[in-house]
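Take a look at the structure below.
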Amino acid sequence: MSENLIEVSGLTKKFGDFVAVNGIDFHVSKSESFGFLGPNGAGKSTTMRIIAATSQRTAGKVLVLGKDPEIQGPQIRAHLGVVPQQDNLDMQLTVSENLFIYGRYFGLPSKFIRSKIDELLDFAQLEEKRDVKVETLSGGMRRRLTIARALVSEPEILILDEPTTGLDPQARHILWDRLFRLKEKGVTLLLTTHYMDEAEQLCDRLIVMDKGSIMAEGTPLELIKKYSSKEVLEVRFGSDNNALLAPSMQKLCQRMEVLPDRILLYTDDAEELLKEILSAGHHPKTSLARRSSLEDVFLRLTGRSLVD
Amino acid sequence: MSLTQSARKVPIFGARYILEARLRTMSKWVWIILAVTILNPLLYLVSIGVGVGSLISHNLGSHGIDGVSYLTFIAPALLASSAIQAAQDEVIFPTFQGFKWGRMFYGMNATPQTGSDIASGVFLAAMLRTTLGVGIYSIILYLFGAMNSPHSYMAIPIAIFAGAAFGAVLLAFAAYTENEDKFFTIVGRFIIGPMFLFSGTFYPINALPLVVRFFGWISPLWHAIELGRFATYGHHISATMVAVHFIYLLAMLVFGLFFAFRQYSKRLAK
Ligand SMILES: Nc1ncnc2c1ncn2[C@@H]1O[C@H](COP(=O)(O)OP(=O)(O)O)[C@@H](O)[C@H]1O
Ligand SMILES: [Mg+2]
């Protein structure tokens with residue numbers, strides 16, 4: 001037995017002629033928090049559904065908890081908690097009823113679930129909503145309930161597909177805090193996101209995915225080190241001038257990306273670079289010096305931004 | 001209690017937990033379900049059973065149709081038709097809801113539950129509702145004096161059987177349906193509607209021209225009615241026809257469930 005809870009090699013998924021996942025390899029070990037970062041359509045959800053034993057692969061090898069999801073789907077799913085991209089709570093039932101019936105789907109005894117519900121409502125900060133119909137909950141509350149629901153069976157692996165997409169910043173931060181607690185408790189997390197800050201905050205290790213393929217893999221820090229400089233200077237000269245002025249600044253930095261609205265200059269000291277640019281006679285309308293992020297990694301790897 | 005022992009196994013006969021959840025949802029509507037279940041037969045019996053019945057016995061004597069009173073004649077038909085309608089409602093709407101409107105089936109399927117478990121659970125819940133409806137209906141029939149031949153009770157299992165047969169087929173149909181508007185127009189208007197009209201509920205089907213009798217032959221309701229009349233008051237049909245009616249309904253049940261299980265699983269994995 002290996003230490004890996006999930007082992008995937010050469011995983012391919014086609015929908016008709018369309019290749020949604022194109023021969024990817026990765027593994028996830030126990031208590032690791034593992035992320036998939038990529039834009040819409042990258043193949044993240046498709047991969048998650050194959051790991052979660054609810055969709056069949058076209059080719060490749062997949063082992064989850066040492067079992068093949070195609071052969072032992074229900075046995076694997078008994079150990080997973082899944083937060084799907086699209087909520088599928090029962091709107092006609094209350095918050096606690098949703099948790100209860102979900103626990104029953106795992107065949108758990110009613111007594112166990114009832115005691116678990118208190119703990120989960122506390123975790124999801126939904127105690128006051130216990131007997132309220134799900135219909136009336138806000139998006140953030142529904143998302144927290146879906147996460148709580150996924151935890152009712154004390155899963156060995158928690159799979160989260162875009163846990164915070166569509167939420168406002170505050171609801172998002174509450175969720176991150178909850179997920180961070182799980183991570184601290186040693187729950188193995190598998191999550192997808194197209195938010196680089198989410199990936200940076202929650203993932204020990206991640207894959208950057210685009211158009212069904214893996215572009216890079218590593219810890220957030222490693223990826224930034226490998227594919228970007230320490231700092232970035234963002235300058236704006238107005239949309240007409242950006243492309244025009246870019247060549248003259250090429251020599252001053254390690255690398256540059258010219259976007260329609262701004263120029264990104266990669267360097268180890270952004271403040272210093274700005275001084276140089278100013279003394280060379282360029283006067284950007286605005287400038288921003290910041291640390292490199294996974295967004296820059298993605299831009300470097302694909303030539304496109306993550307969120308469009 | 002520790003989960004390491006109690007959980008993380010695949011539950012045996014998982015469908016019962018789906019059934020449990022379905023009953024919980026249905027219980028939210030229990031008053032509406034009960035009202036419909038009681039009012040529907042009352043209205044029918046007063047208007048048609050008693051009203052039309054008295055007209056018929058006035059014209060033809062108390063052994064008006066098929067050698068029995070009109071109420072005795074229509075009792076098995078009313079039971080079977082109510083069973084089929086209850087079964088139909090409780091498989092179609094939950095299936096559309098589960099796959100499309102609320103996507104709950106995808107949540108269930110993320111647990112050890114399989115497509116077949118989910119289909120079975122939905123079907124079993126529909127059968128419980130059908131049995132409840134048939135039970136209440138037969139009590140009301142009894143109170144109207146429509147259940148007083150010695151074998152009247154036989155209409156009850158036959159009605160439930162018919163509900164199961166038709167429910168199974170519609171469970172499959174609904175699972176294949178991506179566009180529910182089309183389903184209601186095509187299946188509802190052009191199949192189910194005529195089927196109910198030409199099944200011989202209120203008069204024998206051979207009073208109809210041959211062309212429309214076809215709707216009766218494919219209709220589970222007609223087969224159930226023939227069986228019901230045979231069992232309750234000895235309506236004259238050959239042993240072969242008894243077997244044909246029975247096998248027709250059984251085939252609907254078996255094939256319906258087979259395709260329902262298959263399509264539930266396929267659609268969830270898509
Ligand atoms: N059931 C399906 N049938 C056909 N195409 C699909 C299906 N599911 C996903 N796709 C396609 O596969 C690609 C990857 O989708 P998905 O895995 O959902 O990406 P992501 O989650 O990264 O946004 C997309 O182009 C999507 O349109
Ligand atoms: Mg997705």
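The values are calculated or read from the model by the stated rules, or taken from the named source; none is laboratory data. All values derive from a computational prediction rather than experimental measurement. Heads up, the Cβs are rebuilt from the backbone with ideal geometry, glycines too, and the neighbour counts pull from every protein chain shown. Ligands, DNA and RNA are excluded from the accessible area calculation, which covers all protein heavy atoms including side chains. Shrake-Rupley method; radii C 1.70, N 1.55, O 1.52, S 1.80 Å.
Things worth noting here:
- Single match in B:ILE218, B:ILE205, B:ILE186, B:ILE191 (criterion: surrounded by 18 or more Cβ atoms within 10 Å (Cβ to Cβ), of a type outside the set (D, E, K, R) and out of contact with any His (no Cβ under 9 Å at 6 or more places or on another chain)): B:ILE205
- Taken as a whole, region A:55-62 holds no residue that is closer than 19 Å to A:GLU154 by Cβ and either outside the structural domain of A:TYR195 (by TED's automatic domain parsing) or away from ligand 1 (no atom under 16 Å from the Cβ) (or both).
- The conditions of being open to solvent by less than 80 Å² (accessible area, probe 1.4 Å), at pLDDT below 95 and closer than 30 Å to B:PRO112 by Cα are not met by B:ALA231.
- If you go through region A:131-158 and keep only what is aliphatic (A, V, I, L, M) and out of contact with any Ser or Thr (no Cβ under 9 Å at 6 or more places or on another chain), you end up with A:LEU137, A:MET141, A:LEU145, A:ILE147, A:ALA148, A:ALA150, A:LEU151, A:VAL152.
- Of the residues B:GLY200, B:GLY256, the single one that is buried (at least 17 other Cβ atoms within 10 Å of the Cβ), away from ligand 1 (no atom under 16 Å from the Cβ) and on the phi > 0 side of the Ramachandran plot is B:GLY200.
- The listed residue being within 16 Å of ligand 1 (Cβ to nearest atom), under 18 Å from A:ILE159 (Cα atoms) and surrounded by 19 or more Cβ atoms within 10 Å (Cβ to Cβ), out of A:LEU179, A:LEU191: A:LEU191
- When residues in region A:5-50 are screened for being among the hydrophobic types (A, V, I, L, M, F, W, C), within 13 Å of ligand 2 (Cβ to nearest atom) and closer than 20 Å to A:ALA199 by Cα, 4 of them pass.
- Only listed residue being crowded, with 22+ Cβ neighbours inside 10 Å and more than 14 Å from chain A (Cβ to nearest Cβ), chosen from B:ALA77, B:ALA125: B:ALA77
- Residue pairs whose Cβ atoms lie under 8 Å apart, separated by 6 or more positions or on different chains, with the first residue in region B:46-60 and touching a residue at least 40 places away in the same chain (Cβ under 8 Å) and the second among the aromatic types (Phe, Trp, Tyr), are B:ILE48/B:PHE202; B:GLY49/B:TYR70; B:GLY49/B:PHE144; B:VAL50/B:PHE144; B:VAL52/B:TYR70; B:VAL52/B:PHE202.
- Hits in region A:151-166 - residues which are within 16 Å of ligand 2 (Cβ to nearest atom) and open to solvent by less than 30 Å² (accessible area, probe 1.4 Å): A:ILE159, A:LEU160, A:ASP161, A:GLU162, A:PRO163, A:THR164
- Elements of type helices (runs of 4 or more DSSP H) in region B:132-245, at least 1 residues being among the charged types (D, E, K, R) and in contact (Cβ under 8 Å) with a residue 40 or more places away in the chain: B:180-183, B:220-233
- Some residue of region A:233-245 being at pLDDT 90 or above, in contact with a Lys or Arg (Cβ under 6 Å, 6 or more places away or on another chain) and among the acidic types (Asp, Glu): yes
- The set of residues in region A:115-163 that are among the acidic types (Asp, Glu) and over 25 Å from the mean Cα position of the chain (by Cα) comprises A:ASP118, A:GLU119, A:GLU127, A:GLU128, A:ASP131, A:GLU135.
- Members of region A:76-105 that are touching a Ser or Thr at 6+ places or on another chain (Cβ under 6 Å) and open to solvent by 30 Å² or more (accessible area, probe 1.4 Å): A:GLN85, A:ASP87, A:GLN92
- Every pair of residues 6+ apart whose Cβ atoms lie under 7 Å, when the first sits in region B:249-270 and is within 13 Å of chain A (Cβ to nearest Cβ) while the second is among the hydroxyl-bearing types (Ser, Thr, Tyr) and more than 16 Å from ligand 1 (Cβ to nearest atom): B:TYR264/B:SER116; B:SER265/B:THR114; B:SER265/B:SER116
Residues checked against (1) within 16 Å of ligand 1 (Cβ to nearest atom); (2) within 21 Å of the chain's Cα centre (by Cα); (3) buried (at least 21 other Cβ atoms within 10 Å of the Cβ); (4) away from chain B (no Cβ under 14 Å):
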residue	(1), (2), (3), (4)
A:ASN4	no, yes, no, yes
A:ASP17	yes, no, no, yes
A:ASP25	no, yes, no, yes
A:SER31	no, yes, no, yes
A:MET48	yes, yes, yes, no
A:LEU65	no, no, no, no
A:ILE71	no, no, no, no
A:PRO74	no, no, no, no
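- Residue satisfying all of: in region A:85-138; in contact (Cβ under 8 Å) with a residue 40 or more places away in the chain and of a type in the set (Val, Ile, Thr); farthest from the other protein chains (Cβ to nearest Cβ) among these: A:VAL95
- Residue check, B:SER47 open to solvent by 10 Å² or more (accessible area, probe 1.4 Å) and either touching a His at 6+ places or on another chain (Cβ under 8 Å) or closer than 29 Å to B:GLY188 by Cβ (or both): yes
- Residues that are modelled with pLDDT of 85 or more and of a type in the set (Ser, Thr, Tyr) number at least 2 in the following helices (runs of 4 or more DSSP H) confined to region B:1-80: B:15-27.
- From the options A:PRO74, A:PRO69, A:PRO84, residue that is within 16 Å of ligand 2 (Cβ to nearest atom) and not acidic (Asp, Glu): A:PRO84
- Matching option when the condition is at pLDDT 95 or above and hydroxyl-bearing (Ser, Thr, Tyr), among A:THR94, A:THR164: A:THR94
- The residue of region A:51-63 that is farthest from the chain's Cα centre (by Cα), among those that are more than 10 Å from chain B (Cβ to nearest Cβ) and open to solvent by less than 10 Å² (accessible area, probe 1.4 Å), is A:VAL62.
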